[in-house]
Amino acid sequence: MASELHLKNNNPITIKDISAKLNVSSVSVHRALSGKDGVSEKLRRKVLQTAEEMGYEINYAAASLKRKTCRVAAILPQDNDLYFSYIWKGLEASIKEVKGLNVEVEKIICTDEAHQHELLKQIADGNDEYGGVITFSYTRQPRVLMQLQRLVAQGVVTVVIDDELKEPEGLYCIPSNEKTIGCIAGEFIELITPETGSVLLSSGRLDSKTHINKVNSFVHYLSERKPTLKIHMVEGYFNGPGSDEMIFREILRALRQYPDTVACYALTSHDNLPMVQAVREAGMEHQVSVVGTDLNGITTCLLKERRLKAVINQAAYMKGYTGLNILVDRMVKNIEPPLRIDCPIDVVLHSNLSFFERSNNIISMEVKK
């Protein structure tokens, strides 16, 4: 029997096609696909499954023209080409991608946790002005957590970067994974150091859960794996005018106090350049390996010059990019994201640097020697 050839039907699948397939009304199919009330969960799952099997694709850009603008407030700190600058860059990249989806993002820089509390409270007091919020976790102040709770209770989709908050329930979190970062830094230093000597690490903020956990995991890992090394913490977190000079002086003092130092770990972006400069000033460049934190213009230059052995990249760019994607999935596409989304942690070396320069939108900066 001769076989027959049929031209493939390339017409896009419509709601009416799904309706006819399931023998239910187009209104019910529309409600199920849009995440609206008025259909049972059983029917919703059946519609979604059938739509996927038939190859139905939702035109989110067209659908966005029929609804009001989704307003999002991004409340984040700012710095000079360090960590937060790359969160903003990732956010801006995502904004460009969702340009046609009727999403409006207001970028609001907060100077500290008190300012953050004030801004979150203003939004919570304003009720329905914003449908989504992206913000950052400093030190879990109760008054800040209270405002986050108010936002969630009002139905404002809220994303918190650099923390995993179990309370209030309903927050979408992009954790810092600081314990893993500390272990990665410890493992790398274990691999590149001799059996004996001192290792210096900067303390970060002593009131920051993230920084404390990173320090503790680093110390624990290295103490377990290479107990013959002596670990010394350089206390003092400076962030403001003249901070580089203060960090430099503290690290230089520690290097002179521990002349057997074989490695240094810069816990935060603020510590990278002062640590490298202090090692050079002490005349210990051939003796001390420096591991930095966060890929940016400065650390890119230091890697190229081999003044840094490696950089532990905390995915700042990806966190900003992912934060807005979570909101768009939830607010526009009616897709329920997981409450926790992890971004990859990378070890950047001289040999793989070029890849990360492109993927993280980094412009190398000249560093004074």
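One table, with the values for the structure above:
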{"item": "Hits in the stretch 339-361 - residues which are among the hydroxyl-bearing types (Ser, Thr, Tyr) and not in a loop (DSSP other than H, G, I, E, B)", "result": "354, 359"}
{"item": "Candidate set: the stretch 67-109, residues that are out of contact with any Asp or Glu (no Cβ under 7 Å at 6 or more places or on another chain) and among the aromatic types (Phe, Trp, Tyr); chosen: the one farthest from residue 266 (Cα to Cα)", "result": "88"}
{"item": "Residues satisfying the stated conditions in the stretch 17-40, i.e. modelled with pLDDT of 80 or more, within 41 Å of the chain's Cα centre (by Cα) and exposed (fewer than 13 other Cβ atoms within 10 Å of the Cβ)", "result": "40"}
{"item": "Subset of the stretch 130-142 [of a type outside the set (Val, Ile, Thr), touching a helix residue (DSSP H, G or I) at 6+ places or on another chain (Cβ under 7 Å) and outside any strand (DSSP E or B)]", "result": "130, 131, 138, 140, 141"}
{"item": "Residue list for the stretch 169-215, restricted to those being more than 30 Å from residue 152 (Cβ to Cβ) and among the polar types (S, T, N, Q)", "result": "193, 196, 198, 202, 203"}
{"item": "Filter result (open to solvent by 40 Å² or more (accessible area, probe 1.4 Å), in a loop (DSSP other than H, G, I, E, B) and either among the hydrophobic types (A, V, I, L, M, F, W, C) or free of Cβ contacts under 8 Å to residues at least 24 places away in the same chain (or both)) within the stretch 288-336", "result": "335, 336"}
{"item": "The stretch 220-235 - residue that is among the aliphatic types (A, V, I, L, M) and within 16 Å of residue 268 (Cα to Cα) and, of those, most open to solvent (accessible area, probe 1.4 Å)", "result": "233"}
{"item": "Which listed residue, of 325, 272, 296, 313, is farther than 28 Å from residue 95 by Cα and among the polar types (S, T, N, Q)", "result": "272"}
{"item": "Members of the stretch 261-287 that are touching a Gly at 6+ places or on another chain (Cβ under 7 Å) and part of a strand (DSSP E or B)", "result": "261, 262"}
{"item": "Test: residue 221 is closer than 23 Å to residue 83 by Cα and either touching a helix residue (DSSP H, G or I) at 6+ places or on another chain (Cβ under 7 Å) or hydroxyl-bearing (Ser, Thr, Tyr) (or both)", "result": "no"}
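Here is a yes/no grid of residues against (1) buried (at least 23 other Cβ atoms within 10 Å of the Cβ); (2) at pLDDT 95 or above:
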{"site": "190", "(1), (2)": "no, yes"}
{"site": "203", "(1), (2)": "no, no"}
{"site": "218", "(1), (2)": "yes, yes"}
{"site": "237", "(1), (2)": "no, no"}
{"site": "245", "(1), (2)": "no, no"}
{"site": "256", "(1), (2)": "no, yes"}
{"site": "260", "(1), (2)": "no, yes"}
{"site": "267", "(1), (2)": "yes, yes"}
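The values are calculated or read from the model by the stated rules, or taken from the named source; none is laboratory data. Every value quoted in this text rests on a predicted model; they were computed, and no experiment measured them. Cβ atoms come from the backbone with ideal geometry, glycine included; neighbour counts cover every protein chain shown. These area figures cover heavy atoms from the full protein model, side chains too; ligands, DNA and RNA do not enter into them. Shrake-Rupley method; radii C 1.70, N 1.55, O 1.52, S 1.80 Å.
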